[in-house]
Amino acid sequence: MAAAAHHRDITIHTYSEVEDLQPTENGYTATVRRKARSVDEVACIGCRQCEYACPVEVPDEFQGGFTSRKAAYVPFTNAIPQVALIDKESCTLCGACANVCPKDCIVYDQQDQLIPIEVEHVVLATGWELTSASSKAQYGGDRIANVISPLQMERLLAPHGPYGRVLRPADGKDPASVAWVQCAGSRDKTLGVPWCSRVCCMYAIKQAMLLSGALPFADLTIYYMDIRAFGKGYEEFYRSAKAMGIEFVKAKVGRLEEAADRSVNVHIERIDERGQAETRTHDMVVLSLGMAPVPDTRELLPLDLGEDGFVDVPHPKDAPCRTSLPHVTAAGTVTGPMDIVDTIAEASAAAMEICREGDRG
Ligand SMILES: Cc1cc2nc3c(=O)[nH]c(=O)nc-3n(C[C@H](O)[C@H](O)[C@H](O)COP(=O)(O)OP(=O)(O)OC[C@H]3O[C@@H](n4cnc5c(N)ncnc54)[C@H](O)[C@@H]3O)c2cc1C
Ligand code: SF4
Ligand code: SF4
Ligand code: SF4
């Protein structure tokens, strides 16, 4: 992102959304909504005085809701640009931020701007959304405080995470035992997600490996039906995890329930010769949720979608990024679940597809 921000041929529109794409003779007119920050972006020096002065606190979505942020805030440590914005929904217009701003750059009545951009080609890379934590009621993803989403675990493990270390969200206890429930949002027709989400086996193993570094004495368990370690070096990564003592239990997880001390009881049925039922207890459980298509892709473009709702690519073998529309290529998880390595490869393929279209005239 930093490299792109400084590239002379790339213009990045941050805090903006492509709202509309209309076909023209030579391509498309994109309408970009540049959302109002209520801050003069050019004058702001990112000093955060407004943030420190603001009295309003709301849950910080970037930190998985584990901590709070102010109504005036710089969204996160690595945000580009390092410029403040005001969350109008939470702001009480108390004026404290404007009083302390050394550059006088708070603009409460700033409005959204609609910016038209003429383009010859569109690369659709609008991504994915996480399957819902509440769709399997028996897992209690929306009820049990110590059952968390995988994105929340990413934040707990991050260097600039909410607590600076991994703690149990319900009571701040150091977890002595953490488990992952695989296929928690995928491979289930009843949820409307029959596909394998491809990334959750590897992100769960990655998270367990990172956690074993942070909490070397913790018991780490992954409940799985199959481990799909499909990429180069992934099988070796899986074996290293086993060698490091992470326990892999081949089992179906029937239900999760909160214990009296706020730990999580995990009811499993082992998938082995005896297939016995068992209940195990962990301090925290991560639901390995899957990848679903974003619902509003067709509001942007009248593209053909596959049965699964991801953007269809009619020639997946020889033109994996070509869509049903001329001048529109697609890259990354907008066409189906994939990891970052494959997403980057697709982005290059989409760019090459555009060059080929250019050559054809
Ligand atoms: C818990 C978890 C951990 C993971 N860990 C790893 C890992 O360690 N390694 C790995 O390789 N993969 C990992 N993945 C997978 C990785 O997240 C995806 O491969 C990657 O995010 C796909 O990138 P993308 O660009 O297709 O989509 P996204 O990352 O979703 O990016 C799409 C972007 O488009 C923007 N957008 C959407 N609509 C519009 C619009 N109309 N206008 C403007 N912008 C728009 C969105 O805001 C978003 O920023 C993990 C996934 C999960 C769930
Ligand atoms: S106080 Fe002013 S200059 Fe400093 S971050 Fe806030 S808006 Fe920007
Ligand atoms: S005016 Fe709004 S953003 Fe500024 S300090 Fe008050 S509540 Fe916070
Ligand atoms: S990647 Fe692993 S956890 Fe995710 S759906 Fe596929 S098999 Fe299940």
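The values are calculated or read from the model by the stated rules, or taken from the named source; none is laboratory data. Treat the numbers as computed from the prediction; the structure is a model and nothing was measured. Positions of Cβ are backbone-derived with ideal geometry, glycine not excepted, and every protein chain shown enters the neighbour counts.
Key figures for this structure:
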| item | result |
| --- | --- |
| Among (1) within 14 Å of ligand 4 (Cβ to nearest atom); (2) on the phi < 0 side of the Ramachandran plot; (3) surrounded by fewer than 19 Cβ atoms within 10 Å (Cβ to Cβ) - the single one Arg187 does not satisfy | (2) |
| Enumeration of residues in the stretch 251-269 that are more than 16 Å from Met284 (Cβ to Cβ) and touching an Asp or Glu at 6+ places or on another chain (Cβ under 7 Å) | Ala251, Lys252, Gly254, Ile268 |
| Condition met for Gly254 (away from ligand 4 (no atom under 12 Å from the Cβ) and farther than 30 Å from Arg69 by Cα) | yes |
| Residues of the stretch 326-341 satisfying the condition of being within 13 Å of Val313 (Cβ to Cβ) and either of a type in the set (Ser, Thr, Tyr) or part of a helix (DSSP H, G or I) (or both) | Thr329, Gly332, Thr333, Val334, Thr335 |
| All strands (runs of 3 or more DSSP E) inside the stretch 219-293 with 3 or more residues being away from ligand 3 (no atom under 16 Å from the Cβ) and basic (Lys, Arg) | 247-258 |
| Filter result for Ser149 (crowded, with 16+ Cβ neighbours inside 10 Å and either over 19 Å from the mean Cα position of the chain (by Cα) or not β-branched (Val, Ile, Thr) (or both)) | yes |
| Number of positions in the stretch 42-56 that are near ligand 2 (Cβ under 9 Å from one of its atoms) and over 10 Å from Cys97 (Cβ atoms) | 6 |
| Residue within the stretch 344-356 that is modelled with pLDDT of 95 or more, assigned to a loop (DSSP other than H, G, I, E, B) and surrounded by 13 or more Cβ atoms within 10 Å (Cβ to Cβ) present | no |
| Pair list, Cβ < 6 Å and 6+ apart or interchain, from the stretch 324-338 residues that are closer than 19 Å to Cys355 by Cβ to residues that are small (Gly, Ala, Ser) and assigned to a helix (DSSP H, G or I) | Thr329/Ala350; Ala331/Ala347; Ala331/Ala350 |
| Residue ranges of helices (runs of 4 or more DSSP H) in the stretch 1-114 with at least 3 members surrounded by 13 or more Cβ atoms within 10 Å (Cβ to Cβ) and more than 22 Å from the chain's Cα centre (by Cα) | 49-53, 96-100 |
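Here's the yes/no breakdown for (1) more than 30 Å from Thr329 (Cβ to Cβ); (2) in contact with a Leu (Cβ under 6 Å, 6 or more places away or on another chain); (3) within 16 Å of ligand 4 (Cβ to nearest atom); (4) at pLDDT below 95:
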{"residue": "Asn78", "(1), (2), (3), (4)": "no, no, no, yes"}
{"residue": "Pro81", "(1), (2), (3), (4)": "no, no, no, yes"}
{"residue": "Ala84", "(1), (2), (3), (4)": "yes, no, no, no"}
{"residue": "Lys88", "(1), (2), (3), (4)": "yes, no, no, no"}
{"residue": "Cys94", "(1), (2), (3), (4)": "yes, no, no, no"}
{"residue": "Asn99", "(1), (2), (3), (4)": "yes, no, no, no"}
{"residue": "Asp109", "(1), (2), (3), (4)": "yes, no, no, no"}
{"residue": "Ile117", "(1), (2), (3), (4)": "no, no, no, no"}
